[in-house]
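Undergrad: Can you read through this structure? Questions will come right after.
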Amino acid sequence: MIKSSQSYLLQALYSLRSTILCMGFCAISFSLMGTGGAKGVSNNSDTNITIQLYDVVSQVLAYHPSIKEAKLNRPIADANLMASRGAFDPSIAFVRGDNISTKDNQYQSQSVDLNVPLYTGGNIKLGNRSYGGSYFSETENNFIETEIPLLKNLITDYRRTTLAKAKINLGMGEAFRDQMVNDVIYAVVLTYSEWFLAYESANRVSEVAALAKQRQLGLRQFLISGAGNAVDTMETFVQWQQYEAKRRLYEWKTEKQRLLLSMYLWDENGNPMEPATQSRPSSMGMDWIDSLVQEAHSFLFSRDSIPIIQPSIQMSRIKLQSSKLDFQLTKNQMLPNLDLKYRYYQPGNLSNPNPININETYGFGLSFQTGLFLRQQRGQYNMMKYGIAQQELNLQNKLRNYQVKSGALYKEYAIISEQSKQWNSVAENQWKLYSMEKQRLEAGDVNFFILNTREIRLLDAQLTALDYGFQRQESGINYLYYLGWLRMR
């Protein structure tokens, strides 16, 4: 009877072991397959809400305050261009006054002036003066004046330089916008990727921890009944403790990344949003990143020359162009003032001119003025010249860095992608070893210590494969960010 009872307990123990190991095998099989989802936010169950990366990015692009701020850079540049064009707007002045010196001595004066700036430099001024009083008849004078530069301010001047800079600064406004968008989307995509890594890692460890707990409780019951092994029972307890510690760590990381993602989510009314506690990321977002990397690489390196889309390089180019305009102005300001002037003066009323009026006057003139030493102008000229040389060297360095680093980042992505595939293969092979050890345990060839070792190695391989998958995504995101490609999504 005792032998029969022990045999029955031993068979039950092996049956429980087989059941538990089969459950572990299925759970680990599921964890290796991973999870996926359809595009959009969907309720896959009563408790889980899948949030797609594409939808997060769309939400951020539509409502994030920094994105809205970035989009205002172009309207600001347009307004600056309009203000610069205002320097060439004609102006009109009207003055009328009554003057009384005594009770019987009073007169009135009126003046109208129209000033028209010329884009080629100088301006034209048309004026009218009229006077009338108690002791003299009403008189009216009309005149035209113009002044055209011949040396200084002929090629360029402050007004034309400001207007030219405002035109190229339209591109600067767009570059600032693109840089801000690129920065925000980079942070969003990286945060989502870290959330996905933490979530998937937590799933793997949670499944194995639940299995280890079930196995440990079963073996403890056998030990209490006298049919179990104390070493195997303690081994499973220690293993469950390790899994439980990892599970809590990854669950905390998952919650942390979910909260960090909420920093970038706003609704259409400007209110902050937070993903639901039961929400989860999707692997489709990671596939989207991979497709963007291939898209960017095909666009850039399938051509004879690499197009520059990095916002910081665009800003450096525009800044150099703006500095060259200032340099041309500084160089022109070193020339002496030599202006051609013309004035026409006619008394009387223009509506009834007198062609033989001897009081009409007109004539041309020249004015000349220059400094003696021009130390201020020469100092500014040298400062601008050396400053432009610095900017050209800086741009040259950036272009070289862009060419080399963009290629290096893509190679890093390709290498880590291969590493990720290798570690996925390692995890699959560890799974096969685990399956073999399970069969040996059922046959009585090995003990729980060997099986536990295989299980730990399997979980480590799975987590390492997940980590390399994240590194692949991170390298791809860094590549897209450096290129400036994320701001184009």
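Undergrad: Does L217 satisfy the condition of being over 30 Å from R280 (Cα atoms), part of a helix (DSSP H, G or I) and among the hydrophobic types (A, V, I, L, M, F, W, C)? Give the derivation first.
TA: Values: over 30 Å from R280 (Cα atoms): yes; part of a helix (DSSP H, G or I): yes; among the hydrophobic types (A, V, I, L, M, F, W, C): yes.
Taking the combined requirement at face value, the residue satisfies it.
Undergrad: Say we look at the range 455-485 and pick out the residues that are within 19 Å of D232 (Cα to Cα) and either surrounded by fewer than 20 Cβ atoms within 10 Å (Cβ to Cβ) or not assigned by TED's automatic domain parsing to the domain that holds K411 (or both); which of these is modelled with the lowest pLDDT?
TA: I456
Undergrad: Only one residue in Y481, Y468 is touching a helix residue (DSSP H, G or I) at 6+ places or on another chain (Cβ under 7 Å), over 30 Å from A212 (Cβ atoms) and among the hydroxyl-bearing types (S, T, Y). Which one? Working first, answer last.
TA: On the way: Y468 fails: over 30 Å from A212 (Cβ atoms).
Going through Y481, Y468 in turn, just one is touching a helix residue (DSSP H, G or I) at 6+ places or on another chain (Cβ under 7 Å), over 30 Å from A212 (Cβ atoms) and among the hydroxyl-bearing types (S, T, Y): Y481.
Undergrad: Can you tell me which residues in the range 431-482 are under 18 Å from L219 (Cα atoms) and outside any helix (DSSP H, G or I)?
TA: G444, V446, N447
Undergrad: Sticking with this structure for a sec: May I ask you to verify whether L259 is hydrophobic (A, V, I, L, M, F, W, C) and in contact (Cβ under 8 Å) with a residue 40 or more places away in the chain? Please lay out each step first, then the result.
TA: Working: hydrophobic (A, V, I, L, M, F, W, C): yes; in contact (Cβ under 8 Å) with a residue 40 or more places away in the chain: no.
Spelling it out, it is not the case that L259 is hydrophobic (A, V, I, L, M, F, W, C) and in contact (Cβ under 8 Å) with a residue 40 or more places away in the chain.
Undergrad: Take the conditions touching a helix residue (DSSP H, G or I) at 6+ places or on another chain (Cβ under 6 Å) and among the basic types (K, R) and apply them to R400. Does it pass? Reasoning before the result, please.
TA: Working: touching a helix residue (DSSP H, G or I) at 6+ places or on another chain (Cβ under 6 Å): no; among the basic types (K, R): yes.
So R400 does not fit the description; no.
Undergrad: The conditions are (1) farther than 28 Å from E194 by Cα; (2) without any contact (Cβ under 8 Å) to a residue 24 or more places away in the chain, and S425 fails exactly one of them. Which is it?
TA: Only one criterion is unmet by S425, namely (1).
Undergrad: Going by the conditions given, is M384 in a helix (DSSP H, G or I), among the aliphatic types (A, V, I, L, M) and in contact (Cβ under 8 Å) with a residue 12 or more places away in the chain?
TA: yes
Undergrad: If we scan the range 231-247, do we find a residue that is assigned to a loop (DSSP other than H, G, I, E, B), crowded, with 20+ Cβ neighbours inside 10 Å and not aliphatic (A, V, I, L, M)?
TA: Residues of the range 231-247 that are assigned to a loop (DSSP other than H, G, I, E, B), as a first pass: none.
No, the range 231-247 contains no residue that is assigned to a loop (DSSP other than H, G, I, E, B), crowded, with 20+ Cβ neighbours inside 10 Å and not aliphatic (A, V, I, L, M).
Undergrad: Another question, then. Consider K253 against the criteria (1) out of contact with any Phe, Trp or Tyr (no Cβ under 8 Å at 6 or more places or on another chain); (2) loosely packed, with under 14 Cβ neighbours inside 10 Å: it satisfies all of them except one. Which criterion is unmet?
TA: (2)
Undergrad: Within the range 277-287, is there a residue that is modelled with pLDDT under 90, farther than 27 Å from K68 by Cβ, surrounded by 13 or more Cβ atoms within 10 Å (Cβ to Cβ) and within 20 Å of the chain's Cα centre (by Cα)?
TA: Yes, because at least one residue in the range 277-287 is modelled with pLDDT under 90, farther than 27 Å from K68 by Cβ, surrounded by 13 or more Cβ atoms within 10 Å (Cβ to Cβ) and within 20 Å of the chain's Cα centre (by Cα).
Undergrad: Could you grab me the full set of residues in the range 59-83 that are surrounded by 13 or more Cβ atoms within 10 Å (Cβ to Cβ) and in contact with an Asp or Glu (Cβ under 9 Å, 6 or more places away or on another chain)?
TA: Q59, Y63, S66, A70, N73, R74, A77
Undergrad: Shifting gears a bit: Restricting to the range 347-379, what's the tally of residues that are polar (S, T, N, Q), at pLDDT below 80 and either surrounded by 14 or more Cβ atoms within 10 Å (Cβ to Cβ) or in contact with a strand residue (DSSP E or B) (Cβ under 9 Å, 6 or more places away or on another chain) (or both)? Don't jump to the end; show me each part of the working.
TA: First, the residues of the range 347-379 that are polar (S, T, N, Q): 349, 351-352, 354, 357, 359, 361, 367, 369-370, 376-377.
Adding the requirement that they be at pLDDT below 80 leaves 349, 351-352, 354, 357, 359, 361.
Subsequent filtering for residues that are either surrounded by 14 or more Cβ atoms within 10 Å (Cβ to Cβ) or in contact with a strand residue (DSSP E or B) (Cβ under 9 Å, 6 or more places away or on another chain) (or both) retains 349, 354, 357, 359, 361.
Qualifying residue count, the range 347-379: 5.
Undergrad: Next question, about the same structure. On the basis of being at pLDDT 90 or above, in contact with a Leu (Cβ under 8 Å, 6 or more places away or on another chain) and assigned to a helix (DSSP H, G or I), does L395 make the cut? Don't jump to the end; show me each part of the working.
TA: Details: at pLDDT 90 or above: yes; in contact with a Leu (Cβ under 8 Å, 6 or more places away or on another chain): yes; assigned to a helix (DSSP H, G or I): yes.
Spelling it out, L395 is indeed at pLDDT 90 or above, in contact with a Leu (Cβ under 8 Å, 6 or more places away or on another chain) and assigned to a helix (DSSP H, G or I).
Undergrad: Moving on to the next point. Restricting to the range 176-219, and then to whatever is at pLDDT 90 or above and of a type in the set (D, E, K, R), can you tell me which residue is farthest from W288 (Cα to Cα)?
TA: The qualifying residue farthest from W288 (Cα to Cα) is R177.
The values are calculated or read from the model by the stated rules, or taken from the named source; none is laboratory data. Source: prediction; values computed, not measured. Positions of Cβ are backbone-derived with ideal geometry, glycine not excepted, and every protein chain shown enters the neighbour counts.
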